[in-house]
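Novice: Following this message is one structure expressed as structure tokens.
Every number here is computed from the coordinates shown, using simple stated rules; none is lab data. As the structure is a prediction and not an experimental result, all values here were calculated from the model. All Cβ positions, even for glycine, are placed from backbone atoms using ideal geometry, and neighbour counts span all protein chains on display.
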Amino acid sequence: MTGFTSIKYFSDNVGESVTIRGWLMQSRGSGKVRFLIVRDSTGITQCVAEEDTVGTELFDLAKGLGQESALKVTGTVSEEPRAEGGFELHVTSLEIVGESVDFPITPKSHGTDFLLTNRHLWLRSRRQLSIMRIRDEVVTAIREFFRENDFVLIDTPILTGAIGESAGTLFSTEYFDLGNAYLAQTGQLYLEAAIYAFEKVYCLGPTFRAEKSKTRRHLTEFWMTEGEMAFVDSDGNMDLQERLVSFVVKRVLELRAGDLEALKRDTAHLKKVVPPFERISYDEAIKLLKDQGKEVEWGKDLGGEDETILTKLFEKPVFVYDYPKKVKAFYMKQHPDREKLVKCSDLLAPEGYGEIIGGSEREDDYDRLLFRIREEGLPEEAYGWYLDLRRYGSVQHSGFGLGIERTVAWICGIEHLREAIPFPRMMGRIYP
Ligand code: 4AD
Ligand code: MG
């Protein structure tokens, strides 16, 4: 046997001698047997080292291995229904590739602060492996969905000159002789330009908000996928979103069942995520909140707590549409009959999770958009190109942005966004 195999392929190798490469997650045993739990990129398996088979020297070596030692293990594959993955490897030889002494994250429980400081090592823990695999599946499914639905990928810039969402949460940096550049809060404005070339477009990338709030729902750097569609109104926008979210959840249920189980996620909730989703107006949302005894004032934005209460009234994700203009971004289209409202929608994930998508129909009229830019006190000169889009073949259009971490956190059933991204960026944390 010359090459290496991966744990995932053990079923093809029963009774044969194979070599795997990986890291030692745990080692236990007594007397003349040692059980080494080894992880590679494809799975986790139990390697059984018996002193009588491997000899005393190798056995002692196995006994002394530290957690997270990198190893090459050769042995014979056998079926073992009681072992993780259903197979085990009977060790015939063992090579230490990289030693590991006193790995800081042990099977005992650690505080969150300690784990975040050691995020570079924490990523190897079982729970984190499952979350990151689900994240990978979510992103893969999103790209697949857009492709199947004839969207073109448009990579939008990270360094931008115009404020995309709100002036209050900008990261800015000096940009040569041109003054300040901002880290993108959204790719939307650029996607709007691209619909005139491709009609249906999307982006998926990092976005930045200098959020001074320390909540479980906010990161300063988060990933967002945004879609933008020509000839689509606010209702059509919601139709597309509920199809996208349902597709993503279905994919994770199909392809990452083992990881959901490892996270002890109750999948009954996720299985209900199929179109159509309930749609309630902002007016109705305020009424529902009042009925629940929550003190809310018409005209204010819904807070995290309000969203939590609302989502508990529905089994599936729920849209809240047509918010007051005052609490939403400048580019949203004014409601045709009620000038205090805009044609927008937020999608709230169930079980208390709250907003995962923000979307709207866009103001497509030149004069009204200019009026809104002025009204919001935004620097008009930075929006010349954006206004141009309303001068050359302007059409009704809508779009949305789905937060990747919020979606992953909900699907995984985890409390805080910090575990839904490999290296979280928050107000008080920039390392590792
Ligand atoms: O609602 P938001 O601010 O919408 C936009 O940025 C629009 N330009 C999108 C569009 O219409 N193209 O953000 C969209 C989503 C939110 O629903 C939320 O899931 C996520 O992005 N999000 C955050 N996620 C983590 N940390 C933060 N600080 C977030 N801010 C927004
Ligand atoms: Mg929003």
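Novice: Show me the trypsin sites (Lys or Arg not before Pro) within the range 1-99 that DSSP assigns to loop and that have at most 14 other Cβ atoms within 10 Å of their Cβ.
Specialist: On the way: sites: Lys8, Arg21, Arg28, Lys32, Arg34, Arg39, Lys63, Lys72, Arg82; in loops: Lys32, Arg82.
Answer in residue order: Lys32, Arg82.
Novice: Tell me, what ³J(HN,Hα) does each residue in the range 35-49 have, in order and in whole Hz, if you take phi through Karplus 6.51 cos²θ - 1.76 cosθ + 1.60 with θ = phi - 60° and put x for Gly and Pro?
Specialist: 10, 9, 8, 10, 10, 10, 5, 10, x, 10, 9, 9, 10, 9, 10
Novice: Test of understanding: extend the Cα→C-beta vector of Ala70 to 7 Å, then name every residue of the range 15-43 with backbone N under 11 Å from that spot.
Specialist: In the range 15-43, the label zone of Ala70 (backbone N under 11 Å from the point 7 Å along Cα→Cβ) covers 22-23.
Novice: Would you please put 352-360, 238-246 in order of how densely packed they are, using the mean number of other Cβ atoms within 10 angstrom per residue and starting with the highest? Before the final figure, lay out each step's value.
Specialist: Details: 352-360: 22.3, 238-246: 20.7.
Highest to lowest by the protection proxy: 352-360, 238-246.
Novice: Something else now. Any idea what the relative contact order of the chain is, in percent, if you count C-alpha pairs under 8 Å spaced at least 6 apart?
Specialist: Taking the mean separation of contacting Cα pairs over the length of the chain, I get 13 percent.
Novice: Further question: Modelled label-to-label distance, Ala257 and Asp177, 7 Å Cα→beta-carbon offset: nm?
Specialist: The two pseudo-label positions are separated by 6.4 nm.
Novice: Leaving out same-chain residues fewer than 8 places away, which aspartates and glutamates sit with a Cα under 12 Å from that of Lys287?
Specialist: Glu295, Glu297, Asp306
Novice: Along Cα→Cβ, 7 Å out, is where each label goes; now give me the distance between the ones at Lys108 and Tyr366 in nm to one decimal.
Specialist: About 7.1 nm, to one decimal.
Novice: While we're looking at this one, here's another question. Around Tyr202, what is the net charge, scoring Lys/Arg as +1 and Asp/Glu as -1 over all other residues with Cβ under 11 Å from its Cβ?
Specialist: Here the charged neighbours net out to -1.
Novice: When Lys and Arg each count +1 and Asp and Glu each count -1, what net charge do the other residues less than 10 Å away from Gly358, Cβ to Cβ, add up to? Let's see the in-between values first.
Specialist: Values: positive: Lys328; negative: Glu165, Glu226, Asp346, Glu355.
So the surrounding residues net to -3.
Novice: Could you give the nm distance between label points at Lys271 and Tyr196, where each point is 7 Å from its Cα heading toward the beta carbon?
Specialist: 4.9
Novice: A further question on this structure: Which of the chymotrypsin sites (Phe, Trp or Tyr not before Pro) found in the range 1-95 are loop residues per DSSP with 15 or fewer other Cβ atoms within 10 Å of their Cβ? Write out the running numbers ahead of the final one.
Specialist: Values: sites: Phe4, Tyr9, Phe10, Trp23, Phe35, Phe59, Phe87; in loops: Phe4.
Qualifying residues, ordered by number: Phe4.
Novice: I'd like to compare 191-201, 123-133, 296-306: which one has the highest average count of other Cβ atoms within 10 Å, and what's the full order after that?
Specialist: 191-201, 123-133, 296-306
Novice: A further question on this structure: Which entries of Lys290/Lys326; Lys250/Lys290; Lys250/Lys300; Lys294/Lys343; Lys214/Lys264 show an alpha-carbon separation above 30 angstrom in the structure shown?
Specialist: Numbers: Lys290/Lys326 21 Å; Lys250/Lys290 34 Å; Lys250/Lys300 35 Å; Lys294/Lys343 25 Å; Lys214/Lys264 27 Å.
Over 30 Å Cα-Cα: Lys250/Lys290; Lys250/Lys300.
Novice: Mind listing the phi-derived Karplus ³J(HN,Hα) values for the range 376-393, rounded to whole Hz, using 6.51, -1.76 and 1.60 with θ = phi - 60°, and x for any glycine or proline?
Specialist: Using θ = phi - 60°, the values come out as 7, x, 7, x, 3, 4, 6, 10, x, 5, 5, 5, 3, 4, 8, 9, 10, x Hz.
Novice: Treating cross-link reach as a plain straight distance, find the aspartates and glutamates whose alpha-carbon is under 17 Å from the alpha-carbon of Lys108, omitting any fewer than eight places away in the same chain.
Specialist: Candidates past the 8-residue exclusion: Glu68.
Novice: Mind checking the dipole of the chain: about its Cα centre, +1 per Lys or Arg Cβ, -1 per Asp or Glu Cβ, Debye to the nearest 20?
Specialist: With only Lys, Arg, Asp and Glu charged at Cβ, the dipole is about 800 debye.
Novice: Report the gain in length on full extension from Asp150 to Asp12: 0.36 nm times residue separation, minus Cα-Cα distance, nm rounded to one decimal.
Specialist: Length gained between Asp150 and Asp12: 45.8 nm.
Novice: Exactly which trypsin sites (Lys or Arg not before Pro) in the range 356-418 are in a DSSP loop and have at most 10 other Cβ atoms within 10 Å?
Specialist: Arg391
Novice: Right, another one. Counting only helical runs of four or more DSSP H residues, what would the 222 nm mean residue ellipticity of the chain come to if each run contributes -39,500 (n - 2.57) and the total is spread over all its residues?
Specialist: Helix contribution divided over all residues of the chain: -8500 deg cm²/dmol.
Novice: Using alpha carbon centroids, what distance separates the range 112-137 and the range 364-395, in Å?
Specialist: A separation of 43 Å, based on Cα centres.
Novice: Mind checking which aspartates and glutamates have their Cα closer than 12 Å to the Cα of Lys271? Skip sequence neighbours fewer than 8 apart in that chain.
Specialist: Correct list for Lys271: Glu254, Glu315.
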